[in-house]
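A quick write-up on the structure given underneath.
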Amino acid sequence: MTAAFLPYGRQSIDDSDVAEVVRVLRSDYLTTGPEIEAFEAELAQACGARHAVVVANGTAALHCAYAAAAVTAGHEVITTPLTFSATANMVVAMGATPVFADVRDDTLCLDPDRVAAAITPRTRAIAAVDYAGHPAEMDRLMGLAKEHDLLVIEDAAHSIGGRYKQRPVGSLAHLTTFSFHPVKTITTGEGGAVLTDDSRLAERARDFRNHGLVRDKQRLSRQEGSWYYEVQSLGFNYRLTAIQCALGRSQLKRLPAFVARRTVLVERYHRAFAAHPRLKLMTSAPGVEPAWHLFAIRVKVEDRSALFDRLIQRGIGAQVHYIAVNDLPLYRRLGYDPTSTPIAWQASRQLLSLPLFPGMSDADADRVIFEVQEALRDEG
Ligand SMILES: *Cc1c(COP(=O)(O)O)cnc(C)c1O
């Protein structure tokens, strides 16, 4: 008998989630309306921010955040190569230039010293990524931003529910973005959000989400009938539906339990692998309470491919997070070179994510541990 395939990540949907979605399906509003405002208020509250703007996905959240930050042609945005391509792609979408700074070898988050060295008069923003759910060094990055008059955007697609020096992710940067894709910690199917304390940045993110369309009388350039609206800036339709917001509200209630279960599973993996001579594990910095999204191990560059294939063959859904963004053909063509960020480049060729999601049992985790240990033994 073969055990079921264990994916690297998967949503957890229970009856309470289903009931909330059904409730909204039977209501008057499938999009716009009270569910959106309720989800935004609850999300902002849970993450310690004044404003939350929910959007269609995490990529749209980044797009809205860069638009809110007025990132435009001629600007540079300093970011990490060890991320999903969307973090950099949306900088390119704004007509601006991503500048890749290297990461720290222990947390695989941006190294503030490398960021400092990359600042030029054209730098507009720093886009940090909380790799695997571990918050980046936000105090140092915010300090650099203050010193050089920049904005910090925290791509927190991995880290909702995490804390940094007692403060929740969502309250640390000028703008924070989330993704609610099913592999992420809470899901709305597709979905995302931008969080900020700054009402001007929130307004710009909201405008960008909805065609740049303004109805608020105080913001209109002339007064007409109450039907009157203006499109004042370029925007898109990045709205999240009410159906999705209902799911999001229900998932948000379950967030503490999701984070707790992920933490227990990570501890189990750590106990099993910590002393393994052929594995390097992620560590967390003092004062940081990660909300682990990934359990990423590092093996020798020459061992990874065989280990990956073997795990897949044995029903273990390993994944690679990530191919360095500056190694992707789009970025190679734009003249980037991954060897310019040697630590991220090395890590990107060593990393392998193992299954981690709240519905995993201890026995599932033990099966992963067994298969990894066996594979490394057999490979000699
Ligand atoms: C998932 C993810 C995104 C994109 O989110 P989508 O909801 O899939 O668009 C962006 N950045 C990081 C780091 C991610 O993990």
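The values are calculated or read from the model by the stated rules, or taken from the named source; none is laboratory data. Keep in mind that this is a model prediction, so the values were computed, not measured. Glycine also receives a Cβ, built like all others from the backbone with ideal geometry; neighbour counts cover every protein chain displayed. These area figures cover heavy atoms from the full protein model, side chains too; ligands, DNA and RNA do not enter into them. Shrake-Rupley method; radii C 1.70, N 1.55, O 1.52, S 1.80 Å.
Give the accessible surface of the chain per residue, rounded to a whole number of Å², with probe radius 1.4 Å and ligands, DNA and RNA excluded.
That works out to 43 Å² for each residue.
Hey, if we sort PHE308, PHE39, PHE5 by accessible area with the 1.4 Å probe, largest down, what's the order?
Greatest to least solvent exposure: PHE5, PHE308, PHE39.
Name the residue farthest towards the positive end of the dipole of the chain from the options PRO182, ALA127, GLN218, assuming +1 on Cβ of Lys and Arg, -1 on Cβ of Asp and Glu, about the Cα centre.
GLN218
What is the diffusion coefficient of the stretch 15-251 in µm²/s, taking the Kirkwood radius over Cα pairs and the Stokes-Einstein relation at 10 °C with a viscosity of 1.306 mPa s?
My calculation gives 88 µm²/s for D.
Which of the three applies to the stretch 231-380, rounded, prolate or oblate, going by the alpha-carbon gyration tensor with a ≥ b ≥ c and a/c under 1.5 meaning rounded?
Oblate is the answer for the stretch 231-380, as a/c is 1.5 or above yet b/c matches or exceeds a/b.
Starting with the highest mean, order 167-174, 129-136, 66-73, 273-280 by the number of other Cβ atoms within 10 Å, averaged over the residues of each peptide.
Descending mean neighbour count gives 129-136, 167-174, 66-73, 273-280.
Order of 186-193, 234-241 by packing, highest average Cβ count within 10 Å first? Working shown, then result.
Details: 186-193: 25.0, 234-241: 18.9.
Packing proxy ranking, top to bottom: 186-193, 234-241.
Below 11 angstrom from the Cβ of THR97, what's the summed charge of the other residues (Lys, Arg +1; Asp, Glu -1)?
+1
Quick check: the angle from helix 362-378's long axis to the longest principal axis of the chain, C-alpha only, nearest 10 degrees?
50 degrees
State to the nearest 20 debye the size of the charge dipole of the stretch 15-251 about its Cα centre, where the only charges are +1 on K and R beta carbons and -1 on D and E beta carbons.
About 480 debye.
What angle, in degrees between 0 and 90 and rounded to the nearest 10, separates the Cα long axis of helix 242-273 from the longest principal axis of the Cα atoms of the chain?
Here the helix axis deviates by roughly 20 degrees.
Roughly how many nanometres apart are two label points built 7 Å out from the Cα toward the Cβ at ARG332 and GLU42?
Output for this residue pair reads 4.6 nm.
Given a 1.4 Å probe and every protein chain left where it sits, what share in percent of the accessible area of the chain is carbon and sulfur?
Exposed carbon and sulfur together represent 52 percent of the surface.
Can you give me the Cα centroid spacing of the stretch 222-246 and the stretch 292-345 in angstrom?
40 Å
Determine the dipole magnitude for the stretch 255-379: charges of +1 sit on the beta-carbon of Lys and Arg, -1 on that of Asp and Glu, nothing else is charged, the reference point is the Cα centre, and the result goes in debye to the nearest 20.
Here the stretch 255-379 has a charge dipole of around 180 debye.
Looking at TYR8, HIS75, ILE323, which one has the Cα that reaches farthest to the positive end of the dipole of the chain (charges on Cβ: Lys, Arg +1; Asp, Glu -1)?
The one lying farthest along the dipole's positive direction is HIS75.
How much length is gained on full extension from ALA73 to TYR29, taking 0.36 nm per residue of separation minus their Cα-Cα distance?
That pair, ALA73 and TYR29, stretches by 12.0 nm at full extension.
Would you be so kind as to identify which of LEU279, GLN232, ALA61 lies farthest towards the positive end of the dipole of the chain, taking Lys and Arg as +1 and Asp and Glu as -1 on Cβ and the Cα centre as origin?
Among LEU279, GLN232, ALA61, the one farthest towards the positive end of the dipole of the chain is GLN232.
For the chain, what does the relative contact order come out to in percent, with C-alpha contacts under 8 Å and a separation of six or more?
23 percent
In a shell of Cβ-Cβ distance under 15 Å around THR83, excluding THR83 itself, what net charge do Lys and Arg (+1) and Asp and Glu (-1) give?
That works out to -3.
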